[in-house]
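The values are calculated or read from the model by the stated rules, or taken from the named source; none is laboratory data. Bear in mind that the values here come from a model prediction, so they are computed numbers and not experimental data. Here the Cβ is made from the backbone with ideal geometry for all residues, glycine too, and neighbour counts use every protein chain on show. Just so you know, the surface numbers come from the protein's heavy atoms only, side chains and all, with ligands and any DNA or RNA stripped out. Shrake-Rupley method; radii C 1.70, N 1.55, O 1.52, S 1.80 Å.
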Amino acid sequence: MIEVLKIYKSFGGKAVLSGISLEVNKGEVVAVIGPSGSGKSTLLRCINLLEKIDRGTIAVENEIMVSTNANGRAEYADKKKLRDIRLKLGLVFQNFNLFPHFNVLKNITEAPVSVAGTRKQEALETALQLLEKMGLEDKAEAYPFELSGGQSQRVAIARALALNPDVLFFDEPTSALDPELTLEVMKVIRKLAEEHMTMVVVTHEMGFAREVADRVIFMDNGVIVEQGTPEELFTNPKNERTKMFIKGFN
Amino acid sequence: MKLILMLGEGMIVSVQLFLLTLLFAIPLGLVVAFGRRSKSYIIRGITGIYISIMRGTPLMLQLVAVFYGPYYIYGGKIDRFAAAIIAFTLNYAAYFAEIYRGGIESIPKGQYEAGEVLGFTRPQVFFKIILPQVVKRILPAISNEVITLVKDTALATVIGVSEMFRVTNNEMSRIASIRPLFVAGGFYYIMNLIVAQLFKFTEKKLNYYR
């Protein structure tokens, strides 16, 4: 579903991604772990077109988003195609980024209505269903400042889901939350996993990665050091670096 | 009462100066603010110099320059009222631009990114997501400028626009009394009370979110 091939990205001469290759299959839940500054978030941001890569290939459902041209530089598809691809991807941020001037319903329905061209009534119904799923049906009229962090993040998830993406990315979705609220959000993500939503979750919650992910990827210094099933990676890591990192959490 | 009627014409001109200046300066300021944030350093440079001159020289001088400038440059003539509107607009747009720019830059990057990943186009992100939040943030600063504008309209007297202050002056000499001055003072004061109330009301209206 998502193919990433040897992508490179540097910020001001400092390499952040150094030849990352990654494949995400339909219905799979992939957890990406690793120390701060390892490039996990940048990887998500590159796939979601918030950062441009220097070279490499990214494809979504066999549609090429970016590839390396003859000069060895990244060349992106045209605007129209990028927009189409973008709608297949959803991203949930660490700090929610809800729109403060819209109430919860409008936060969720605005993009379907004015981007995807969904009829308003239909978008509203979808939004209400999503809110129910998130356990937030009573918050439809609330404004973001009236919500707790956990509620905000669940609204943000509903907002991303409203566009019916093929893949949902989470960039440290619980790092801004206390343990109790973390559980609240994790529960929702777990529910989505049970429905076989394709997801890529950058996280520091090892327990969550272990329990929910089909595959865990350990990144460090801009490369994928090791990947495998949670079982393989957490109980029997092969790489020294992975061992050290996982030990630090136990 | 008779005095107020006598001065009425000046009041109307002052209010016109005020409203027309806002009408033009508010959108022009936004354009200039975009210019300040442009990718092209030429556009950034030009708008930067423009703002610097507008803020760095007296408004009174600018009024005189716009009114007499055409004559000295190519022997042309410009209507007094039009010259006043142009000078006020150019001057206030510069101040508004800086306020807008500050407001725009105060919106967290995450708001743009959230809009972007949801597929909004750049104009949609700006007008649906960013601008409404900017308006809320800059309202107090804008209200300051607008209150100053009410009083600055009196400067148009230097190029002979028959606004409130000029009419008042004439009336004072004619009837040899200071009373017109108090009427004029009352006019500016009440107009600013109204302006302040309008802003207070708008700020309250936008208090529904944080």
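One residue stands out in the range A:41-64 among those that are within 14 Å of chain B (Cβ to nearest Cβ) and open to solvent by less than 10 Å² (accessible area, probe 1.4 Å): the one that is farthest from A:H196 (Cα to Cα), namely A:C46. Looking at the structure I just gave you, is A:A176 closer than 16 Å to B:G110 by Cα, among the small types (G, A, S) and not in a helix (DSSP H, G or I)? Yes; evaluated as a whole, the condition is true for this residue. Evaluated against (1) more than 24 Å from B:Q197 (Cα to Cα); (2) outside any loop (DSSP other than H, G, I, E, B); (3) touching a residue at least 24 places away in the same chain (Cβ under 8 Å), B:I138 falls short on exactly one condition, (1).
Just give me the residues in the range A:157-194 being in contact with a Gly (Cβ under 8 Å, 6 or more places away or on another chain) and within 14 Å of chain B (Cβ to nearest Cβ), in sequence order. Within the range A:157-194, A:A160, A:L161, A:L163, A:P165, A:V167, A:L168, A:F169, A:A176 qualify.
Does B:V15 qualify as being in contact (Cβ under 8 Å) with a residue 60 or more places away in the chain and either open to solvent by 30 Å² or more (accessible area, probe 1.4 Å) or touching a strand residue (DSSP E or B) at 6+ places or on another chain (Cβ under 6 Å) (or both)? Considered against the rule, which asks whether it is in contact (Cβ under 8 Å) with a residue 60 or more places away in the chain and either open to solvent by 30 Å² or more (accessible area, probe 1.4 Å) or touching a strand residue (DSSP E or B) at 6+ places or on another chain (Cβ under 6 Å) (or both), B:V15 comes out as yes.
The lone criterion from (1) open to solvent by 40 Å² or more (accessible area, probe 1.4 Å); (2) within 14 Å of chain B (Cβ to nearest Cβ) left unmet by A:D78 is number (2).
Out of A:N48, A:N107, A:N103, one residue alone is in contact with a helix residue (DSSP H, G or I) (Cβ under 6 Å, 6 or more places away or on another chain) and more than 19 Å from A:Y8 (Cα to Cα). It is A:N107. Could you pull out the residue among B:Y112, B:Y100 that is of a type in the set (S, T, Y) and either surrounded by fewer than 16 Cβ atoms within 10 Å (Cβ to Cβ) or within 14 Å of chain A (Cβ to nearest Cβ) (or both)? Every option except B:Y112 fails the conditions.
Note on the range A:95-127: residues that are closer than 24 Å to A:S41 by Cβ and either open to solvent by 70 Å² or more (accessible area, probe 1.4 Å) or among the charged types (D, E, K, R) (or both) total 1.
A single entry from B:T153, B:T148 fulfils the requirement of being closer than 26 Å to B:G8 by Cα and surrounded by 21 or more Cβ atoms within 10 Å (Cβ to Cβ): B:T153. Any residue at all in the range A:141-152 that's without any contact (Cβ under 8 Å) to a residue 24 or more places away in the chain, open to solvent by 50 Å² or more (accessible area, probe 1.4 Å) and within 14 Å of another protein chain (Cβ to nearest Cβ)? Within the range A:141-152 (the criterion being without any contact (Cβ under 8 Å) to a residue 24 or more places away in the chain, open to solvent by 50 Å² or more (accessible area, probe 1.4 Å) and within 14 Å of another protein chain (Cβ to nearest Cβ)), the answer is yes, since at least one residue qualifies.
Within the option set A:S18, A:S38, A:S67, being away from chain B (no Cβ under 14 Å), among the hydroxyl-bearing types (S, T, Y), open to solvent by less than 30 Å² (accessible area, probe 1.4 Å) and over 14 Å from the mean Cα position of the chain (by Cα) holds for one residue only, A:S38. With respect to the stated conditions, A:G90 is within 8 Å of chain B (Cβ to nearest Cβ) and not in a helix (DSSP H, G or I). Screening B:I142 on (1) surrounded by fewer than 20 Cβ atoms within 10 Å (Cβ to Cβ); (2) among the aliphatic types (A, V, I, L, M); (3) over 30 Å from A:V113 (Cβ atoms); (4) at pLDDT 90 or above shows it passes everything except condition (1).
Looking across the range A:103-134 at every residue that is of a type outside the set (S, T, N, Q) and touching a residue at least 40 places away in the same chain (Cβ under 8 Å), the one that is farthest from the other protein chains (Cβ to nearest Cβ) is identified as A:K133. Please determine whether any residue of the range A:151-159 is closer than 20 Å to B:K128 by Cβ, touching a strand residue (DSSP E or B) at 6+ places or on another chain (Cβ under 9 Å) and at pLDDT 95 or above. Yes, the range A:151-159 has at least one match. Screening A:D84 on (1) open to solvent by 30 Å² or more (accessible area, probe 1.4 Å); (2) over 30 Å from A:Y8 (Cα atoms); (3) more than 9 Å from chain B (Cβ to nearest Cβ) shows it passes everything except condition (2).
Mind telling me which of the residues B:I85, B:I73 ends up being in a helix (DSSP H, G or I) and open to solvent by 60 Å² or more (accessible area, probe 1.4 Å)? When all the criteria are applied, what remains is B:I73.
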